[in-house]
Structure formats: structure tokens, C-alpha cells
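Quick notes on the structure that follows.
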Amino acid sequence: MLDLSLITILGFLGSFGHCFGMCGPLTVAFSLSQQQTTPEKLSRQETPPWKIPNSSQQQLRFHLLLNLGRILSYGLVGAGIGALGSVLLQGGQLAGVGSDFRRGMAIITGVMLIWFGLGQVKPELLPRIPVLHPLLKGRLHDRLSTGMIKLSYQSRWWTPMLLGMTWGLMPCGFLYAAQIKAAETGNLWMGAVTMLAFGLGTLPTMLGVGVSTSLVNRDKQSQLFRLGGWVTLIIGILTLLRTGHTMVDYSGHGALACLILALIARPISRLWASPLRYRRGLGVGAFVMAVVHTTHMIEHSLQWQFAALFFLPPDFQWGMAAGAVALVLITPAAFTSFESLQKYLGQRWRQIHLLSIPALLLSAIHTVLIGSHYLGSLELTWGNKLAVVIMGIVTFGVLLIRSRLFWSKLNMEKFYVPPTKSY
């Protein structure tokens with residue numbers, strides 16, 4: 001119930017900013033088309049004047065059916081997404097609350113929701129996630145919008161419902177947040193209910209936009225949209241925190257992967273540009289995942305009894321200390337990942353972010369000493385030893401990639417991007 005309430009609140013608050021600005025013009029176009037069709041029907045005497053409702057009643061009926069179709073479309077999409085997750089969960093390693101698939105879905109869902117939330121709260125903080133949608137690019141999106149407006153001129157009773165169902169299939173970054181949560185349910189009915197709850201949250205604003213486009217001023221829209229971003233953040237954090245003790249390793253490796261990509265993003269940008277574009281998001285993501293990892297470890301390993309640290313083996317104590325220092329080192333970088341602070345701090349900004357290099361080394365030590373797939377395993381096997389070797393190679397490889405000398409030795413210095421070109 002808590003998740004559904006948050007999803008509904010997310011839809012309600014976010015609709016004042018995002019839906020009002022993105023879908024408002026389309027809703028107004030529908031409304032204007034209705035105002036033009038009524039006189040035509042009267043002039044052609046298709047309907048007796050005494051059987052035609054007044055303008056306000058007609059507008060209300062039209063937009064109620066329009067939004068009902070939109071919400072129904074959301075529910076059907078949610079059911080499909082939930083059903084797909086349900087099929088993937090049918091047996092083997094994919095089944096069960098603690099399965100690998102569900103843990104992976106929870107991590108991806110939580111991180112993307114946090115990303116969407118930060119994008120609403122501080123739009124310039126992170127780049128947009130490159131979500132693919134068959135209608136997002138090209139002329140198909142524009143043709144669909146034009147076709148929907150033309151369809152709105154038809155006088156059939158089912159026209160508003162059909163328009164709404166088509167409208168619900170149009171691409172929308174704000175809608176993806178709810179769809180991701182629906183996918184994470186792994187259940188047909190819960191997926192549908194999740195999307196229906198989101199749609200009901202957007203109903204008051206979209207219905208109001210259709211009847212009157214001047215209900216809320218722009219300042220209030222912006223404030224409510226940002227408040228919706230905080231709700232998205234809360235949903236994402238709750239998703240990450242509800243995944244059990246096995247999330248300790250997953251969140252830790254996730255943080256390490258984000259940190260590695262952020263550190264090699266600049267030198268390899270001529271060969272692979274995407275990490276540099278999303279480097280700021282990767283850095284913040286590493287910090288968020290590290291905090292989640294730390295919280296899970298304290299909860300499930302120590303149960304918030306910090307005195308238990310002194311009773312752990314020395315290797316575990318050193319490993320915990322290395323991880324704690326690594327988290328401290330990346331914290332300033334996460335909190336200074338803003339354009340304004342980069343300009344204000346100047347060269348010091350780069351020095352702060354270079355702390356991520358010793359943080360990587362300490363994170364690798366932390367992982368090797370106490371990771372359940374490394375030396376922290378109850379039973380040491382060749383697989384654990386191989387994991388230690390791989391971790392060492394990856395860590396050393398990051399340091400080499402950041403070195404100009406390494407690229408020059410390989411006669412590939414022309415592909416190396418020095419710090420002065422990205423800072």
C-alpha cells in the first residue's frame with residue numbers, strides 16, 4: 001500500500017509540472033477541436049438542440065472519457081510489463097524473492113528511479129537516461145500527434161476513449177518511472193494496479209487542463225514538479241533497501257563498477273564517448289550504491305551493533321576500515337558534482353575528484369578482504385582466488401588507462417584524452 005500511495009502522489013505532484021507542460025498543449029488542442037465540432041453539429045441539425053448538453057458539460061464528459069482511456073491504456077501496459085516479469089520469474093534461479101533476477105531488477109529499478117528523481121529536483125545535475133522508445137525519434141511521434149488531433153474532430157461517442165488509449169502509448173520520460181516500478185513487481189495484476197495508481201494521480205491535473213488551462217501558475221508547477229522528484233527519490237531508495245541481505249555484494253559491485261567507469265571515462269572518450277557523457281551520473285551513482293551497500297552491511301552483518309567490529313577477525317576489521325575510508329573519500333566528489341561548484345572551486349574541484357583514485361584502491365582492498373566471492377568466503381576455493389586475481393587486474397588496468405605513458409607505449413597516444421580537455 002505504501003508503494004501504491006507513493007506512486008499516486010508521484011503522479012499527482014509530477015503532473016503539475018511535466019504533464020502540464022508536455023501534454024497540456026495536446027489536451028488544449030483536443031479541447032479546441034470539441035469547441036469547433038459542436039457548432040457544426042448544430043448547423044447541420046444532426047442532433048436536436050435540446051439534446052445537446054451545454055459547453056461545460058460536454059467538455060467535462062469529453063475529457064473524462066479521454067483520461068479514462070489514457071488511464072486504461074496505462075493499466076494495460078502495466079499488466080503487460082508485469083506479466084513479462086512474471087514469466088521471467090517462473091522457475092529456476094529466476095524464481096523467489098531472493099533470486100538473482102529479482103535482485104538485479106531491484107538494483108536497476110532503484111537506481112533509475114533515483115536518477116529520474118534527481119533529474120526532476122535538479123535538472124542540470126545529471127544527463128537524461130537514453131531510454132529507447134519506438135515513438136521517441138523520427139516523424140512517427142509527430143504523425144501520431146497530428147492523427148490524434150484529427151481524430152478528435154470526429155463526433156463518435158467512443159472517440160475520446162480511443163484518443164485516450166492512444167495517448168497513453170505515447171513516449172514520456174516521467175511515465176517511465178512508473179513503468180519501471182510496474183516491471184519490478186513481476187506480477188500481471190500488481191503491474192496493472194501500479195500503473196492505474198499512477199494514472200489516477202495524474203487525473204486531476206490533466207482533467208483540469210482540459211477544462212481550464214490557467215489553473216496553476218508556472219512557479220507552482222515548478223515547485224510541485226520538484227516535489228514529485230523527491231517522491232521518486234524516496235521510491236527508488238525504498239526499492240534498494242527492500243532487497244534483503246544478498247544486496248550487500250550486488251550494491252558493492254555496482255558502486256565499484258560505476259566508480260571504475262567514471263575514472264576511465266575521460267581517457268577513453270575518443271574510443272567510447274558515452275561514459276564521459278554520463279560520468280557525473282556514474283560518480284553520483286557510485287556514491288549512492290556505496291551508501292546502500294554500507295547500510296545493508298551494517299544492518300545484516302552487524303545489526304547496528306558497532307561494538308561487534310572488535311570481535312571480528314583482523315582481516316575483516318581491515319576490510320571494513322578500508323571500505324569506510326573509501327566512502328569518505330568519494331563523498332566530497334559526489335556533493336560537488338555541479339557546474340556551479342566546478343566553476344567556483346576551479347583547480348581544487350579536480351583535486352577533490354582525484355580522491356576517487358585512492359578510493360578505488362581502498363574499495364578493491366575492501367572487496368578482496370571481506371567479499372563473499374573473494375577471501376571473505378567461508379570456504380576458500382580456486383574460484384575465490386581467481387576472483388581476487390581478476391579484481392587486481394581490473395584495478396591495475398584502471399590506473400594504466402589513466403596514464404599517458406601507457407598509451408604512448410602502445411603507440412596509441414593519439415586516442416588518449418588528457419585532463420585539460422575535459423576539466
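Residue by residue through region 332-366, note down the ones that are hydroxyl-bearing (Ser, Thr, Tyr) and in contact with a Leu (Cβ under 9 Å, 6 or more places away or on another chain). Give the derivation first.
Our first condition is that a residue be hydroxyl-bearing (Ser, Thr, Tyr); within region 332-366, this holds for 336-337, 340, 344, 356, 363.
Once the filter is applied, which keeps residues that are hydroxyl-bearing (Ser, Thr, Tyr) and in contact with a Leu (Cβ under 9 Å, 6 or more places away or on another chain), region 332-366 yields THR336, SER337, SER356, SER363.
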Legend entry - ALA308 being at pLDDT below 90 and in contact with a helix residue (DSSP H, G or I) (Cβ under 6 Å, 6 or more places away or on another chain): yes
Inset, instruction - Scan region 260-292 for residues that are free of Cβ contacts under 8 Å to residues at least 60 places away in the same chain, of a type in the set (A, V, I, L, M) and out of contact with any Leu (no Cβ under 8 Å at 6 or more places or on another chain) and jot them down. - result: ALA273
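Return the residue satisfying two criteria in turn: it lies in region 199-209 and is of a type outside the set (A, V, I, L, M) and closer than 16 Å to MET165 by Cβ, and of such residues it is modelled with the lowest pLDDT.
Per the stated criteria, the residue is THR202.
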Legend entry - region 324-348, residues that are of a type in the set (Phe, Trp, Tyr) and either in a helix (DSSP H, G or I) or under 18 Å from MET289 (Cβ atoms) (or both): PHE335, TYR344
Legend entry - Every residue from region 358-397 that is out of contact with any Gly (no Cβ under 9 Å at 6 or more places or on another chain), within 18 Å of VAL325 (Cβ to Cβ) and touching a residue at least 40 places away in the same chain (Cβ under 8 Å): ALA359, LEU360
Inset, instruction - Could you list all residues from region 372-398 that are over 30 Å from the mean Cα position of the chain (by Cα), closer than 20 Å to ALA359 by Cβ and surrounded by 14 or more Cβ atoms within 10 Å (Cβ to Cβ)? - result: TYR374, GLY376, VAL388
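The values are calculated or read from the model by the stated rules, or taken from the named source; none is laboratory data. Since the structure is predicted, the reported quantities are computational estimates derived from the model, not experimental observations. Every residue, glycine as well, gets a Cβ built from its backbone with ideal geometry; the counts of neighbours run over all protein chains shown.
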